[in-house]
Structures are given as C-alpha cells and as structure tokens.
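So the structure is just underneath, and the comments pick up after that.
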Amino acid sequence: MEKNFVEELRWRGMLAQIMPGTEEQLQKEMTTAYLGTDPTADSLHIGHLCGIMMLRHLQRCGHKPIILVGGATGMIGDPSGKSQERNLLDDQTLYHNQECIKAQVARFLDFDTDAPNRAEMVNNYDWMKDFTFLDFAREVGKHITVNYMMAKDSVQQRLNGTARDGLSFTEFTYQLLQGYDFLYLYQHKGCKLQLGGNDQWGNMTTGTELIRRTLGNEAETFALTCPLITKADGKKFGKTESGNIWLDPKRTSPYKFYQFWLNVSDDDAERYIKIFTSLDRPTIEALAQEHRQDPGRRTLQRRLAEEVTVMVHSREALDAAMEASGILFGKSTKESLLKLDEQTLLDIFEGVPQFDVDRSQLGQPAVELLTQAAPVFASKGEMRKLVQGGGVSINKEKLTEFDRPITAGDLIDGKYLLVQRGKKNYTLITVR
C-alpha cells in the first residue's frame, strides 16, 4: 500500500493550504503534479528545498512529479512576495541555469527509470516562445477578469504602496502566464495538481480557475502549498551573514553547508528534520526523544546535517566536512589539513585572526616571522616560553625549535600557514 501523500506532508509540518478534493484525487489514482522553479541562478538554494522535498515525497507515494523551470516567466518576474521587479535573462543563461538545476534535482527524484511515475522536467519557454500576444489575449486573457486578478494578495500588496515602484503590466500578467502553464500541462501531460510555496496560492488558484473556465467544470484540478519556512525567531530561513546557502558546492562548500545545519537551534532542528529529510516518523520521534534527554550532544542537529549533506552532495562530501569540522575542534593531524581544498580551508578559519606576509619574508626563523612580519605573539620571549612548553603548532605539527626557519616547504597549497597557540587559538597566515 502506497503512503498517503497529504498525510505524509501533514505530520511533517509541510502542509499550509489545500484545495477541497485534493486528498480524494490522490487516493483515487496515480496523479501527476508539478512545481515551478525560477531559473534566475544556476543553482538552487536551501530556500527551494521544501518544494523539492514535496516532489520527493510525492514520487515516493506513487505519484508522478514534474518540475517546471520557468524559462518564460523567469524573463518577466513574479510579484508574489517581492517588492521589486526582477532582472530579465537571455536564452543562453536560462538554458545553462536549467541544466544545472536539473542535475541538482536529479539527486532527489528518479528521472531515469522506466517507472510510470518517473520525474520529468519541462520549461515553459518551450510552449510560450511562439505564443503571440494576440493569441494570448484571445485564448487566455478573455477567461479571467481584471476584477478576479486584482483581488489577489500579491497584486494588492504591490498596489497599496508597500512597494516603491508599483506594479508593471508585465508582472500583472504573471498570474495568467502561470495559470496557462497549468492549463498546458493539464492538456498535454494530464497534470491535475500544482504544488508550491504558500506565497504562490493566488497564482495557483488562478490556474485552476483558468482551466475550469476554459474547459468546463468537468476539468477538475487542484492546488496544495507548503508553508514558507522561517527560523524559530521569525527570521528568514536559509540566509546567513554572507548570503544564501546554495546547493552548488562551488557557491557554498559542503563544509559550510554541513555547518549551517549543525548550528540550527534545538526548536528549528526538530522542525527541519521532518521537512528536509526522508527519515520516517518513528526514527525522527526516537531522535527527538534522545535529544531531549541530553540536548548538549546535539543529536537532532548532527543527524539532520548528515542526512541533508549526503542527499545534496554525497557521502564522501559529508565525510570530508566532518573531518574538516574536527580540524578546528578536535585532535586532527597535518594529513587532514593537507586534504582540504582551498575554499574549505578558508571557510573553516573564516573567523580567526589572519595576516598577510610577503613571500620575501620566508626563510627567516619562526620567532622572527611570528613576532615581526605576522605578530601572532606579542614578544619573542612569550613565543619562546610557549614553544618550550609544547604549546605552539604549525600546520598541526608541534614546533619544537622557536628559531627553526619557516620556508616555502611549510606552506599549505603553496600559500597558507596555520599557527596554533594552545588548543583553540588559531591564526591563518597567507603568503603572497
């Protein structure tokens, strides 16, 4: 017996609004459902993950997921939840972004087997590019009144002065374009359900209304949204001081990605592990129970970070991220330091004191370099004393002679020197 998709979303806290009849439709037959994503970047970020996980659960419950890349709508911009109009993209950029997104989503969905519910990816540019404005006005525009469109929250917010620039005609038509996507997918793919974030509810119901008015009452379609994920303190989820947490390892290293999940609060960890992993209910409840008995061990955060990192990156990336975490906090060796790629090294030591040193300074004794060129130690006397007590390491190896020359052979990646005083005080020196 396949799992009930709506029930699955409900216990996971992933259900916001649902159209009457949706649950009955899903129980009646294998249902095709689509979720739209915006191709304005060549990577998704973790803000997209709730929607992608909805598709994953949908497929696991025996239904067919379609991910729609908004090549056409990405050229326009959607007013929902935005206060400014979006930049427009050219064809080449859109195609590149679409291919990158498909590769990321393929880690979550089955696109490749012969299963009747295998996932598909479509691009609305394919059916919009030859659609003339006159055809659009006649075939789509005549079915939906301006009064109906004006009543939507996303339109009202833009009109009532919460945005500086008002609402362009281009953006006003966005809900019709999104509605037409649903009509097209209903007619060509038998798609009866649209999934999305709760800020999309207005656009989604315009789609079901357009289908009803175009094809008659017997054309039944449905909509279901997930809540917009926030942090326990109400702030936006997935943003950090340095911006979005991306799924692309070139934009956010697996180490930084792993650390993001490891550092969420207890309340958030208990919510996120339901939303962002495929672990079943008994497993999650057992983890939550274990966590409450000893919150200091961060059982929920650890399992959450492991599951999501493996799903988005790989088991190898997780192992590397965990080993990298040990460099700052545990007993690691020079070998583990040398294994790091440059970006991860910089991510790990982002917050530690850093010095730049000219390459011409190499070759002099450590005591000179580390008190003069890069004043890691306040004085030569202080450094001598610490070295004699075994309290100084360079690149995770104990420094036994304070006057040993520091040469190019000591550098990691030919340019970095990691100096450690005691257990926890690090300084990163970059030789330029």
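Here are some notes:
- For region 127-144, the tally of residues that are β-branched (Val, Ile, Thr) and surrounded by 12 or more Cβ atoms within 10 Å (Cβ to Cβ) stands at 2.
- Close Cβ contacts (under 9 Å, 6 or more residues apart or on different chains) running from residues in region 398-415 that are at positive phi to residues that are among the charged types (D, E, K, R) and part of a loop (DSSP other than H, G, I, E, B) comprise Asp413/Asp341.
- Residue that is least open to solvent (accessible area, probe 1.4 Å), among those in region 198-217 that are touching a residue at least 24 places away in the same chain (Cβ under 8 Å) and among the small types (Gly, Ala, Ser): Gly207
- Arg251 vs. criteria out of contact with any helix residue (DSSP H, G or I) (no Cβ under 7 Å at 6 or more places or on another chain), modelled with pLDDT under 95, among the basic types (Lys, Arg) and open to solvent by 40 Å² or more (accessible area, probe 1.4 Å): yes
- Restricting attention to region 418-431, the residues being under 14 Å from Leu369 (Cβ atoms) and open to solvent by 20 Å² or more (accessible area, probe 1.4 Å) number 0.
- Residue satisfying all of: in region 86-99; crowded, with 16+ Cβ neighbours inside 10 Å and out of contact with any strand residue (DSSP E or B) (no Cβ under 9 Å at 6 or more places or on another chain); modelled with the lowest pLDDT among these: Arg86
- Any hit, region 38-48, residues being among the hydrophobic types (A, V, I, L, M, F, W, C), under 25 Å from Asp91 (Cβ atoms) and open to solvent by 10 Å² or more (accessible area, probe 1.4 Å): yes
- Contact map, region 176-197: first residue more than 30 Å from Phe237 (Cβ to Cβ), second residue open to solvent by 30 Å² or more (accessible area, probe 1.4 Å) and of a type in the set (S, T, N, Q), Cβ cut-off under 8 Å, separation 6 or more or different chains; pairs are Leu183/Thr214.
- Some residue of region 221-241 being within 25 Å of Arg138 (Cβ to Cβ), open to solvent by 10 Å² or more (accessible area, probe 1.4 Å) and either within 23 Å of the chain's Cα centre (by Cα) or modelled with pLDDT of 95 or more (or both): yes
- Here the condition is being farther than 24 Å from His48 by Cβ and touching a Pro at 6+ places or on another chain (Cβ under 9 Å); of Leu195, Leu167, Leu159, Leu183, it holds for Leu167 alone.
- Pairing residues of region 39-64 that are at pLDDT below 90 with residues that are of a type in the set (Lys, Arg) and open to solvent by 10 Å² or more (accessible area, probe 1.4 Å), at Cβ distances under 8 Å and at least 6 apart in sequence or on separate chains, gives Thr40/Arg86.
- Among (1) within 19 Å of Gly71 (Cβ to Cβ); (2) outside any helix (DSSP H, G or I); (3) at pLDDT 90 or above; (4) open to solvent by 70 Å² or more (accessible area, probe 1.4 Å) - the single one Arg107 does not satisfy: (1)
- Listed by first and then second residue, the pairs linking a residue in region 379-390 that is assigned to a loop (DSSP other than H, G, I, E, B) to a residue that is of a type outside the set (Lys, Arg) and surrounded by 12 or more Cβ atoms within 10 Å (Cβ to Cβ), with Cβ atoms under 8 Å apart and 6 or more places separating them unless they lie on different chains, are Ser379/Thr371.
- Considering region 220-239, and only residues there that are aliphatic (A, V, I, L, M) and outside any loop (DSSP other than H, G, I, E, B), the residue that is farthest from Lys274 (Cα to Cα) turns out to be Ala223.
- In region 89-134, of all residues being of a type in the set (S, T, N, Q) and under 19 Å from the mean Cα position of the chain (by Cα), the one that is farthest from Ala33 (Cα to Cα) corresponds to Asn97.
- Any hit, region 65-84, residues being crowded, with 21+ Cβ neighbours inside 10 Å, modelled with pLDDT of 95 or more and not aliphatic (A, V, I, L, M): yes
- Matching residues in region 339-378 - criterion: being assigned to a loop (DSSP other than H, G, I, E, B), over 18 Å from Lys424 (Cα atoms) and open to solvent by less than 70 Å² (accessible area, probe 1.4 Å): Leu340, Leu362, Gly363, Gln364, Ala374
- Of the candidates Asp268, Asp280, Asp294, the single residue that is of a type in the set (Asp, Glu), surrounded by 14 or more Cβ atoms within 10 Å (Cβ to Cβ) and at negative phi is Asp268.
The values are calculated or read from the model by the stated rules, or taken from the named source; none is laboratory data. Note that the structure is a prediction, hence the values are computed from the model and not measured. Here Cβ is always computed from backbone atoms with ideal geometry, including for glycine, and neighbour counts include all displayed protein chains. Just the protein is used for accessible areas: all its heavy atoms, side chains included, with ligands, DNA and RNA removed. Shrake-Rupley method; radii C 1.70, N 1.55, O 1.52, S 1.80 Å.
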